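Notes to accompany the following structure.
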């Protein structure tokens, strides 16, 4: 089984780190550095370009084989055995494990949530907030928290059904211009 670990920086010896994306990292730039071990026991290092802001986190993908790397908000889907990475999303500022099915929920730009399961995206909420979340909490059935409402200068409660991605409340009630909302059945 493949494994991974975050390194404190680029290794000073051995094979050069793989830049992710491939055209980044020249000129000795350093992002989030992660060492992967393949199922065959081979080790390689990825140097992940930071996003514009968000978390740094590395977790096993819900499929149990691949890895999700988030570098300053830029999210990457990594297949350690093939040494391949593809962009998954941007501005990820929170990530939580969930069950039934096992997976992850990610906060995107402090505006919406997306849920990943073993086969990929399960749902993506509509925009919930104008500018950020506060007091986000997950139970076995829902996400709750507060969404910023700038015109009232206050935080507005919201709920997200973990099964479907359906939202109640929040500070944003305009049209889904981004067409983010993809609900599970």
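The values are calculated or read from the model by the stated rules, or taken from the named source; none is laboratory data. These figures come from a predicted structure and were not determined experimentally. Cβ coordinates were reconstructed from backbone atoms using ideal geometry, including for glycine residues, and neighbour counts include every protein chain displayed.
Inspect all residues belonging to the stretch 152-164 and state whether any of them is in a strand (DSSP E or B), surrounded by 16 or more Cβ atoms within 10 Å (Cβ to Cβ) and within 15 Å of the chain's Cα centre (by Cα). For the stretch 152-164, residues in a strand (DSSP E or B), surrounded by 16 or more Cβ atoms within 10 Å (Cβ to Cβ) and within 15 Å of the chain's Cα centre (by Cα): absent.
Just to be sure before I move on: is residue 111 within 15 Å of the chain's Cα centre (by Cα), surrounded by 17 or more Cβ atoms within 10 Å (Cβ to Cβ) and either over 21 Å from residue 72 (Cα atoms) or touching a residue at least 24 places away in the same chain (Cβ under 8 Å) (or both) in the structure I sent?
Yes, satisfied.
Can you say whether residue 148 is buried (at least 17 other Cβ atoms within 10 Å of the Cβ) and over 23 Å from residue 76 (Cβ atoms), as far as the supplied structure shows? Spell out the reasoning first.
Numbers: buried (at least 17 other Cβ atoms within 10 Å of the Cβ): yes; over 23 Å from residue 76 (Cβ atoms): yes.
So residue 148 fits the description; yes.
Exactly one residue out of 167, 160, 105 is under 19 Å from residue 54 (Cα atoms) and not assigned by TED's automatic domain parsing to the domain that holds residue 59: that is 105. Among the residues of the stretch 35-76, those that are more than 16 Å from the chain's Cα centre (by Cα) and surrounded by 21 or more Cβ atoms within 10 Å (Cβ to Cβ) comprise 36, 46, 47.
Among 117, 73, which is within 24 Å of residue 47 (Cβ to Cβ) and modelled with pLDDT of 95 or more?
Checking each option against the conditions leaves just 73.
Do we find a residue being closer than 19 Å to residue 161 by Cβ, in the same structural domain as residue 2 (by TED's automatic domain parsing) and in contact with a strand residue (DSSP E or B) (Cβ under 8 Å, 6 or more places away or on another chain) anywhere in the stretch 75-92? No, there is no match, as no residue in the stretch 75-92 is closer than 19 Å to residue 161 by Cβ, in the same structural domain as residue 2 (by TED's automatic domain parsing) and in contact with a strand residue (DSSP E or B) (Cβ under 8 Å, 6 or more places away or on another chain). Taken as a whole, the condition of being surrounded by fewer than 19 Cβ atoms within 10 Å (Cβ to Cβ), more than 18 Å from the chain's Cα centre (by Cα), farther than 21 Å from residue 4 by Cα and touching a residue at least 12 places away in the same chain (Cβ under 8 Å) applies to residue 140.
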